Amino acid sequence: MKVTFSTLSFMHQEIRDELLACFEETLDHGWFIQGRQLQKFEKDFAEYCGVKHCIGCGNGMDALYLILRALGIGSGDEVILPANTFIATALAVSYAGATPILVEPSVEDFLIDSSCIEGAITLKTKAIIAVHLYGQAVDVGEIKNLAGKYGLFVIEDAAQAHGAQIMGETVGSLGHAAGFSFYPGKNLGALGDAGAITTNDGMLAQKVRAIANYGSETKYLHKYLGVNSRLDEVQAAMLRIKLRHLNKWTQARREIAVRYLQEINNPKISLPYNNNDGHVWHLFVVRCKERDILQQYLKERGIETLIHYPIPIHLQTAYGQMGLGENAYPAAELLAKEVLSLPLYYGMTKQEVDYVIEILNKF
Ligand SMILES: *Cc1c(COP(=O)(O)O)cnc(C)c1O
């Protein structure tokens, strides 16, 4: 049996007619940037996250960049983030002109280790980015306490966690502002690049919107040194349709994850920590000391897996300027050597899940 890592085709087959009809409507309407599709999607997504404002933008990295710019964070400032995130979190900070300061993740739940944050705070620190990695919401309580104590902003990187919840609160509403990605492979994905910012702060929302639109609030009046990062009408239209189905698709992901959690029982494989039922399982990530051997073993048996992420940020060539070598972040480095993401997607059959579990248990 062959089990692919992920495919979007079951989602798209299910809503193909809706997507095509909406594409035709947008085409015929003839307005492609900043029109009614975007307005409607922003309203729907703000509601979905339980926040007052949503601003569409070009992609997830831009979303984080725009938040930083609107908060006035740039040259000479430091921003704290976990060392095991996707590099875009750090690149957004660098792109804004600020310095990313990495801290260790917890090897238990893969999320930023709150107990490591205070030691990384300096007089230059302006914000902490909580990354809801793999679809699990960060418990931001302790992070908010620290932010209050030191006068910092809490920014969420919610690129992997649309709809994830913690203690009844939805991701996107947990900090001062959140950045979302709608890259096609994310839990809510466009048919191309797209992103959004959510916040309850009206002033911040207005500033983000302006910076994303050449720094302009009124046509040809430019208040900020802005950029062009907007969410196109066609993508907004597609996202609006897909958002209506998201909870059902997430539920299907949860059912697969629950089976993995209950039925994978190989002592060589550690299962992901799951402290709440608000996890949206963007990825199902196990740990194994013999990870590379396990990956090869699965490949030989037709099961495709991926590694998120094989090289921590401080060991990337692009961040050589950090001047950090091996052992700078032992927990992040350990995870990079041991994590493996299993197949998990909407439309995965019971037989496929059975097979993955059976093969893993025989390793
Ligand atoms: C995907 C992702 C991003 C970047 O989103 P893009 O839309 O690809 O720019 C940022 N942070 C995390 C954690 C991501 O997974």
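Descriptive notes on the structure:
- Extension gain (nm, one decimal) between F10 and K124, 0.36 nm per residue minus Cα-Cα: 36.3 nm
- Look at the Cα gyration tensor of the chain: its axes a ≥ b ≥ c give a/c of at least 1.5 with a/b at or below b/c, and that counts as oblate.
- Summary of the geometry: region 245-298 and region 68-89, compared by the centres of their Cα atoms, lie 29 Å apart.
- Length released on extending from L306 to Q34, taking residue separation times 0.36 nm less the Cα-Cα span: 94.3 nm
- Global geometry of region 189-249, whether rounded, prolate or oblate, following the gyration tensor of its Cα atoms and the 1.5 cut on a/c: prolate
- Choice from P184, P100, P312 showing the highest fluctuation, given a GNM over the chain with Cα pairs closer than 10 Å: P184
- Helical runs (DSSP H, four residues minimum) scored at -39500 (n - 2.57) apiece and divided by the length of the chain put the mean residue ellipticity at 222 nm at -11500 deg cm²/dmol.
- Separation in nanometres of the label points that stand 7 Å from Cα toward Cβ, at S75 and S94: 1.8 nm
- Whether region 1-122 is rounded, prolate or oblate, judged on the alpha carbon gyration tensor where a/c under 1.5 counts as rounded: oblate
- Per residue, in Å², the accessible surface of the chain once ligands and nucleic acids are set aside, probe 1.4 Å: 44 Å²
- Among 225-236, 319-330, the order from most to least packed when residues are scored by Cβ within 10 Å on average: 225-236, 319-330
- Only protein heavy atoms count here; under a 1.4 Å probe, E14 has an accessible surface of about 90 Å².
- FRET efficiency, K337 to M1 (Cβ-Cβ, R0 22 Å, nearest 0.05): 0.20
- 5 angstrom amide H check on N274, placed H, neighbours 5+ away: none
- Extension reserve of the K289-E47 stretch, reckoned as 0.36 nm per residue once the Cα distance is removed: 82.9 nm
- In the chain, the DSSP beta bridges split such that about 60 percent are antiparallel, to the nearest 5.
- FRET efficiency for N145 and N327, using Cβ-Cβ distance with R0 set to 41 Å, rounded to 0.05: 0.85
The values are calculated or read from the model by the stated rules, or taken from the named source; none is laboratory data. Quick caveat: nothing in here was measured; it's all calculated off a predicted structure. Please note: Cβ atoms are built from the backbone with ideal geometry, for glycine as well, and neighbour counts cover all protein chains shown. With ligands, DNA and RNA removed, areas are computed over all heavy atoms of the protein, side chains included. Shrake-Rupley method; radii C 1.70, N 1.55, O 1.52, S 1.80 Å.
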